[in-house]
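Encoded as structure tokens, the structure appears first; notes follow it.
The values are calculated or read from the model by the stated rules, or taken from the named source; none is laboratory data. Computed from a predicted model, the values in this text were never measured in an experiment. Positions of Cβ are backbone-derived with ideal geometry, glycine not excepted, and every protein chain shown enters the neighbour counts. These area figures cover heavy atoms from the full protein model, side chains too; ligands, DNA and RNA do not enter into them. Shrake-Rupley method; radii C 1.70, N 1.55, O 1.52, S 1.80 Å.
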Amino acid sequence: MDLGTVAVIGGGVIGSLVARQIVDQHPDSTVLLLDRDAVGCGASRRSAGLHFPRGASERVRRMSGYSQEFYEKLKADQPDAPIYAVGMSVLSQASRGDLEGIYTEPVRRNDSPAALDACGAEVRLPADMSVWDVRGAQYADVHRMVQAVVTGLRPRVGVREGVRVTALEPGGRGVGISLSTGERLTVDRVVLAPGPWLGAPAWADLVAPMGARIKKIVALHIDQPVAETDRAFVFHDEDAFLLPLAYRGHWLFSYTCRDWDVDPDQVGADLDARDVERAQECLSRYAPSLAPRCTSGRVFCDAYSVSGQPLVRRLDPDGRVVFAGAANGSGYRLAPAIAAEAVQLFEKSVKGNVR
Ligand SMILES: Cc1cc2nc3c(=O)[nH]c(=O)nc-3n(C[C@H](O)[C@H](O)[C@H](O)COP(=O)(O)OP(=O)(O)OC[C@H]3O[C@@H](n4cnc5c(N)ncnc54)[C@H](O)[C@@H]3O)c2cc1C
């Protein structure tokens, strides 16, 4: 199917996988990938890149399963892709039934006193919690993965970096796009994958009705050696995790930061005292010896939807502009499924002769 000329705005993990899926599935289409920066340098650059096989709704569980298979195939086809399988132990007060309703892989209770030993990190089990082993987890160097995906796309996709979209004007016959270079394009369709830049003047009015908001995300780095056999620990009830980042040689602790309505151009890359204090307080409940060692890390933000599910939807009456994002801090692990849904919306439009 020829989708015509499609501009993908935003070369993060979502936009780059959208571009890839279009040229793989509809090779007669012409695809342009536009980014105001170098590709992969938005939220994707700071991502912890953890995939856990779970979802709070049926749709997200389906998306999680689809994405897991996509990444497994990518790794099988390209063994040097920066995607690494990791064991995962979930600590929670939840019952087996509750966890089975959320995780898409079998959860196996691990009552062995050694469940938390020999896992690299010094984790203890709070009272009333159990340890559950879950398969299917992996993590990625998302920044490097996006670079690799886009490098592979270059023969088939026009990649324009350092080019900001300054206006986006959908109409009955096409979509007008103005660029910071002064150039003006008209394309048949647009996928808007702007990560946390929802407030950009070019599309702020188009995306405002979705009600998505921007939240800061903080992850701390811990200088603790990592062995290939170390496992990730998910502190399910806190929405936090400890991840052995073998490719960087240190551990990472992610907790839920509750700073809303931040501006991606203002949030900066530096931790402040409150970030460190809140992370240490959370981690001290599980790994008191590691908590004081959380003194560095990474900070950025992401777009969050009202429903808690990623947003993939048409923004104009003709269905020429599709938004793909607001993945609620799970944009790496759900990106392949988000991309697939965006492409499906265009396929439906073309079948309905909306061009
Ligand atoms: C610290 C941290 C830890 C995280 N950990 C995880 C995790 O463990 N697992 C997980 O699944 N997710 C995680 N996430 C979330 C995940 O990284 C994001 O959901 C994902 O990277 C979003 O991808 P994206 O393509 O939507 O956005 P981005 O990667 O932000 O890409 C958007 C792109 O749009 C471009 N752009 C913006 N405005 C314009 C314009 N006007 N013109 C042209 N281009 C424009 C930007 O330059 C950017 O490259 C984490 C995020 C952070 C910050």
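Cβ-Cβ below 9 Å, separation at least six or inter-chain, first residue in region 298-325 and closer than 30 Å to G4 by Cβ and assigned by TED's automatic domain parsing to the domain that holds L345, second aromatic (F, W, Y) and assigned to a strand (DSSP E or B): which pairs?
Pairs that qualify, where the first residue is closer than 30 Å to G4 by Cβ and assigned by TED's automatic domain parsing to the domain that holds L345 and the partner is aromatic (F, W, Y) and assigned to a strand (DSSP E or B), are L311/F323; V312/F323; R313/F323; R314/F323; L315/F323.
If you check A204 against the conditions, is it open to solvent by 20 Å² or more (accessible area, probe 1.4 Å), within 12 Å of the ligand (Cβ to nearest atom) and free of Cβ contacts under 8 Å to residues at least 12 places away in the same chain?
yes
Give me a count of the residues in region 266-297 that are over 21 Å from D223 (Cα atoms) and either touching a residue at least 40 places away in the same chain (Cβ under 8 Å) or more than 21 Å from the chain's Cα centre (by Cα) (or both).
Result for region 266-297: 1.
Based on what the data block shows, is G12 within 12 Å of the ligand (Cβ to nearest atom), out of contact with any strand residue (DSSP E or B) (no Cβ under 9 Å at 6 or more places or on another chain) and outside the structural domain of G268 (by TED's automatic domain parsing)?
Judged against the criteria, G12 is not a match.
Please report, ordered by residue number, the strands (runs of 3 or more DSSP E) entirely within region 64-182 with at least 1 residues that are open to solvent by 30 Å² or more (accessible area, probe 1.4 Å).
Once the strands (runs of 3 or more DSSP E) in region 64-182 are filtered for at least 1 residues that are open to solvent by 30 Å² or more (accessible area, probe 1.4 Å), what remains is 83-85, 107-109, 157-160, 165-170.
Test of understanding: among L33, L3, L50, which residue is within 14 Å of the ligand (Cβ to nearest atom) and open to solvent by less than 10 Å² (accessible area, probe 1.4 Å)?
Within the list L33, L3, L50, the selection yields L33.
So T295 passes all but one of these: (1) touching a strand residue (DSSP E or B) at 6+ places or on another chain (Cβ under 7 Å); (2) not assigned by TED's automatic domain parsing to the domain that holds D188. Which condition number does it fail?
Only one criterion in (1) touching a strand residue (DSSP E or B) at 6+ places or on another chain (Cβ under 7 Å); (2) not assigned by TED's automatic domain parsing to the domain that holds D188 is unmet by T295, namely (1).
Output the number of the condition that R213 fails; it satisfies all remaining conditions of (1) more than 12 Å from the ligand (Cβ to nearest atom); (2) out of contact with any Asp or Glu (no Cβ under 7 Å at 6 or more places or on another chain).
It fails just one condition, (2).
Within region 221-238, work out how many residues are more than 25 Å from D270 (Cα to Cα), of a type outside the set (S, T, N, Q) and surrounded by fewer than 21 Cβ atoms within 10 Å (Cβ to Cβ).
Total meeting the criteria: 3.
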